[in-house]
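Worksheet: one structure, shown below.
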Amino acid sequence: MIPKHRFELARSSPVTDLAWIGNNILLASDERDIHIVDVERMKEVATLKGHTECIIGIRYNPVTNILVSGGMDKFVFLWDLRLKKPFNTCLAHSRDVTSVDISFDGSVVLTTGLDGYCRVFSVFTGKCLKTITIMGSPDLSNAKMTLDGRFALITALDGSLSLWDLQTLTMVKAYKGHINGAFIVESHIGSWNNASSFVLAGGDDGTVRIWDYATAEPLAAYSLPGPITSANINPDDESCKSAFATCRNSVRLFEIGIERGAGRMEIEAAVSRSLITD
């Protein structure tokens, strides 16, 4: 496939995470900085600085216009995007912060770390409110909250992918087949036209897998040429446009469609364009 669009960051180091702002703006974190990129114009419009080491995870809340980031400096930063400055920081883990998420109402942040903990923090006080410890204390790579803030989808570096109740702090569901042991890769919860919910995760083997959220049934699996380091769903797009970043400094946009027939889900996925190429 010939890429229709090309965008090069100032430095050639890997893109570590992506987050959508509406339908047009994509945030790419690279080393210690966060780059705000206008996808339509293929132009960087702003750079956020503050972290002292590599940024691993970023997430944006459109309701409050807050961006949260975390990385190898063990800190979580909360950014006011109007001012392009952080309004709060907190020391979240004793080792690298591997992922961050923010609740729909913007009141709490969910984090994971290589110290084996998943934690919930208050956005405004920075205080740790809850801590989840998975049996065996594996290094954790990612966590995502459901829209109601009740559950968290947690990915560990032992290959496990599970759904946890944030009120009772217990596991309620496990999704089988995920491969994750070497890279910090992530998982997402999405839906098609607000009808059918699914779980999506990228793996070390370069495979993107999709499960039914309610039943944990595998729905689809397809491959990219390299380990998946980031997978993100645009929540404002009903077609579930997703961006995947590989270790080869490339970002590929997918259009994922779904039809329910003969009692099963049928998923079609195709690369529509590449934003960053080797």
Worksheet entry | Every pair of residues 6+ apart whose Cβ atoms lie under 8 Å, when the first sits in region 205-228 and is on the phi > 0 side of the Ramachandran plot while the second is open to solvent by 70 Å² or more (accessible area, probe 1.4 Å) and assigned to a strand (DSSP E or B) | GLY206/SER223
Worksheet, complete the sentence: Expected output for region 41-67 (first residue more than 17 Å from ASP17 (Cβ to Cβ), partner open to solvent by 40 Å² or more (accessible area, probe 1.4 Å) and small (Gly, Ala, Ser), Cβ below 9 Å, 6+ apart or cross-chain) is THR64/SER107
Item to complete: Could you figure out which of (1) in a strand (DSSP E or B); (2) of a type outside the set (Val, Ile, Thr); (3) buried (at least 20 other Cβ atoms within 10 Å of the Cβ) isn't true of SER162?
Response: (3)
Worksheet, complete the sentence: If you go through PHE104, PHE124, the only one that is touching a strand residue (DSSP E or B) at 6+ places or on another chain (Cβ under 8 Å), open to solvent by 50 Å² or more (accessible area, probe 1.4 Å), within 29 Å of THR215 (Cβ to Cβ) and not hydroxyl-bearing (Ser, Thr, Tyr) is PHE104
Practice prompt. Hey, can you tell me all the residues within region 15-26 that are touching a Lys or Arg at 6+ places or on another chain (Cβ under 9 Å) and either at pLDDT 80 or above or buried (at least 16 other Cβ atoms within 10 Å of the Cβ) (or both)?
Written response: ASP17, ALA19, TRP20
Item to complete: Go through region 27-51 residue by residue and tally those that are assigned to a loop (DSSP other than H, G, I, E, B) and under 18 Å from THR98 (Cβ atoms).
Response: 3
Discussion item. Kindly evaluate ASP80 against the criterion of being touching a residue at least 12 places away in the same chain (Cβ under 8 Å), closer than 25 Å to LEU200 by Cα, surrounded by fewer than 18 Cβ atoms within 10 Å (Cβ to Cβ) and touching a Pro at 6+ places or on another chain (Cβ under 9 Å).
Written reply: no
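When you check THR98 against the structure, is it closer than 14 Å to GLY149 by Cα, surrounded by 20 or more Cβ atoms within 10 Å (Cβ to Cβ) and in contact with a Ser or Thr (Cβ under 8 Å, 6 or more places away or on another chain), yes or no?
Considered against the rule, which asks whether it is closer than 14 Å to GLY149 by Cα, surrounded by 20 or more Cβ atoms within 10 Å (Cβ to Cβ) and in contact with a Ser or Thr (Cβ under 8 Å, 6 or more places away or on another chain), THR98 comes out as no.
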Fill in: Subset of region 52-86 (residues that are farther than 18 Å from GLY149 by Cβ and outside any strand (DSSP E or B))
THR52, GLU53, CYS54, ASN65, MET72, ASP73, LYS74, LEU81, ARG82, LEU83, LYS84
Worksheet item: Which of the residues spanning region 132-147 are open to solvent by 50 Å² or more (accessible area, probe 1.4 Å) and of a type in the set (Val, Ile, Thr)?
Response: THR133
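The values are calculated or read from the model by the stated rules, or taken from the named source; none is laboratory data. No experiment lies behind these values; they were computed from the predicted model shown. Positions of Cβ are generated from backbone atoms using ideal geometry, with glycine treated the same way; all protein chains shown enter the neighbour counts. With ligands, DNA and RNA removed, areas are computed over all heavy atoms of the protein, side chains included. Shrake-Rupley method; radii C 1.70, N 1.55, O 1.52, S 1.80 Å.
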